[in-house]
Amino acid sequence: MQGMGSLRLGSRAVMYTAETLPKGKNRVMGTIQIMTGFMHIGFGIVLTTLTNVYTSVFVIGEIPFLGGVSFIISGCLSIGAEKSPTECAVKGSQTMNVISAIFALLGIVAFIVDLNLNGLYHSGFNYYGYLVLLAGNGISIVLLIFTILEFCIAVATANFWCRATRLSSNESMLIVPSTTRVDLAAPSAEMPQPPSYTELAAPEV
């Protein structure tokens, strides 16, 4: 049947259909994870320069750097697992997405704590301190939104690969372009040869 095929993960064959997962979905989610990782690293460096005024649990816990690297690796593995869904690539992507989900959850908690610790109404702050708090809270809100998005993507991707490795052979899960195998060793059937002209022209006795 066109659009169907099987993918063998280890010793288990998993069936898939083209309608199960839109082609390129893992690539899009992996790209978002990579962008989120670079954003965490970049804005984490900015928040590090503001720690003299802006108290950030997010920066103290090294979450922007550890989490950012984890998000980037997860995105790369998700893209690679879609292109070449081998057992090693699938399990690697699944493991890294679980780790990324943990870092994202820690980041969400850290951002909520940061926003509570660094309210805009502090007595004794001059105009410069107010601008630093405003910038720090703005960065924290932006990163909080992307961290929530990263958490959802990491959980969804890990769940997808987990189901892919546990499905029985009669369930649809993975999307891979189906290929037609041609057995070159099988002998081809010989076509009967048409009768020759002499046989047709010879009179019957």
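The values are calculated or read from the model by the stated rules, or taken from the named source; none is laboratory data. From a predicted model like this one, the values you see are computed outputs, not experimental measurements. Cβ: placed from backbone, ideal geometry, glycine included. Neighbour counts: every protein chain shown. Each accessible area value is taken on the protein alone, full model and side chains, heavy atoms only, with ligands, DNA and RNA left out. Shrake-Rupley method; radii C 1.70, N 1.55, O 1.52, S 1.80 Å.
Brief remarks on what is shown
- Cα shape, segment 71-140, gyration tensor, a/c 1.5 rule: prolate
- Taking label points 7 Å from Cα along the Cα-to-Cβ direction, T95 and L117 give a separation of 3.3 nm.
- Sites T165 and T31 - FRET efficiency at Förster radius 22 Å, r taken between beta-carbons, to 0.05: 0.40
- Averaged over its residues, segment 67-157 has an accessible area of 49 Å² per residue, based on protein heavy atoms and a 1.4 Å probe.
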